[in-house]
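Structure first, commentary second.
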Amino acid sequence: MFVIGLTGGLGSGKSTVAEMLRELGAVVLNADQIGHQVYAPGGPAYQEVVAAFGPQVLAADGSVDRRRLAGIVFQDPQALQRLNAITHPRIREGIRQRLRELASQGTRVAVVEAALLLEAGWDDLVDEVWVTVCPPEVAARRAAERSGISLEEALARVRAQMSNEERVRRAQVVINTDTDLAKTREQVEQEWARLMARLAPEGR
């Protein structure tokens, strides 16, 4: 099984590209969804997160309110470090487990969609890193429209992340999403065709 690690900053078009890859035949794992399971009541990180950040991060139903938690950790690098130390090993294990399951089911290509693929060191779980990039201002505008946060807050979050330059340096494939959907799809289809040609002789 060949594993693509798909990453990119907030508002960079990761999910759009992941959906295109799904349509082409890949099975997509979303690290965020695995993260939701890790945070859920009874999940492997739930008690530690509540102990570390207090009851103010809980919603009325007892689940972790990820927006409140984000509000805390995006303001405080030490808090973010503490949260990552609790959750990243659990999310990594969740990704590994799902990849093992997919391999045993005969999946040909799996995609791990993860904003923090490089920062968390999960890129050692994949065969190739694909990154989606667009200018920070474009990413912030998309994120603000999608999440209902202010443009200033979105821009601050985008700028707090790893730079596009660093992501591109560590990627094997770069998808430029500062364009229309048709051109983005064209890039994805070209890279998919290249990958299929590479995998064909190996019978993977």
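The values are calculated or read from the model by the stated rules, or taken from the named source; none is laboratory data. Worth saying up front: this structure is predicted, and the values here are computed from it rather than measured. Cβ atoms come from the backbone with ideal geometry, glycine included; neighbour counts cover every protein chain shown.
Tabulated results
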{"quantity": "Unique match (being out of contact with any Lys or Arg (no Cβ under 9 Å at 6 or more places or on another chain), surrounded by 14 or more Cβ atoms within 10 Å (Cβ to Cβ) and in a helix (DSSP H, G or I)) among 85, 79, 70", "calculated": "79"}
{"quantity": "Boolean, residue 173 is closer than 20 Å to residue 31 by Cα and in contact with an Asp or Glu (Cβ under 7 Å, 6 or more places away or on another chain)", "calculated": "yes"}
{"quantity": "First in region 117-128 and within 11 Å of residue 171 (Cα to Cα), second anywhere and assigned to a loop (DSSP other than H, G, I, E, B), Cβ under 6 Å, 6 or more apart", "calculated": "123/117; 128/172"}
{"quantity": "Filter result for the condition that a residue is assigned to a helix (DSSP H, G or I) and either aromatic (Phe, Trp, Tyr) or under 16 Å from the mean Cα position of the chain (by Cα) (or both), over 56, 37, 47", "calculated": "37"}
{"quantity": "Test set (1) outside any helix (DSSP H, G or I); (2) without any contact (Cβ under 8 Å) to a residue 60 or more places away in the chain - residue 101 fails condition number", "calculated": "(1)"}
{"quantity": "Counted residues, region 108-162 - those being charged (D, E, K, R), part of a strand (DSSP E or B) and crowded, with 18+ Cβ neighbours inside 10 Å", "calculated": "1"}
{"quantity": "Matching residues, region 1-57, being over 21 Å from residue 101 (Cβ atoms), free of Cβ contacts under 8 Å to residues at least 24 places away in the same chain and out of contact with any Asp or Glu (no Cβ under 7 Å at 6 or more places or on another chain)", "calculated": "19, 23, 41, 46, 47, 50, 51, 54, 55, 56"}
{"quantity": "Some residue of region 75-94 being touching a residue at least 60 places away in the same chain (Cβ under 8 Å), in contact with a helix residue (DSSP H, G or I) (Cβ under 8 Å, 6 or more places away or on another chain) and within 25 Å of residue 2 (Cβ to Cβ)", "calculated": "yes"}
{"quantity": "Among (1) surrounded by fewer than 19 Cβ atoms within 10 Å (Cβ to Cβ); (2) at pLDDT below 95; (3) under 18 Å from the mean Cα position of the chain (by Cα); (4) among the polar types (S, T, N, Q) - the single one residue 97 does not satisfy", "calculated": "(2)"}
{"quantity": "Residue in region 44-56 that is of a type in the set (Asp, Glu), at pLDDT below 90 and either touching a helix residue (DSSP H, G or I) at 6+ places or on another chain (Cβ under 8 Å) or farther than 30 Å from residue 180 by Cα (or both) present", "calculated": "no"}
{"quantity": "Top-ranked residue in region 163-180 [being part of a loop (DSSP other than H, G, I, E, B) and under 18 Å from the mean Cα position of the chain (by Cα); ranked as farthest from residue 11 (Cα to Cα)]", "calculated": "172"}
{"quantity": "Within region 181-202, tally of residues that are under 17 Å from residue 14 (Cα atoms) and of a type in the set (A, V, I, L, M)", "calculated": "3"}
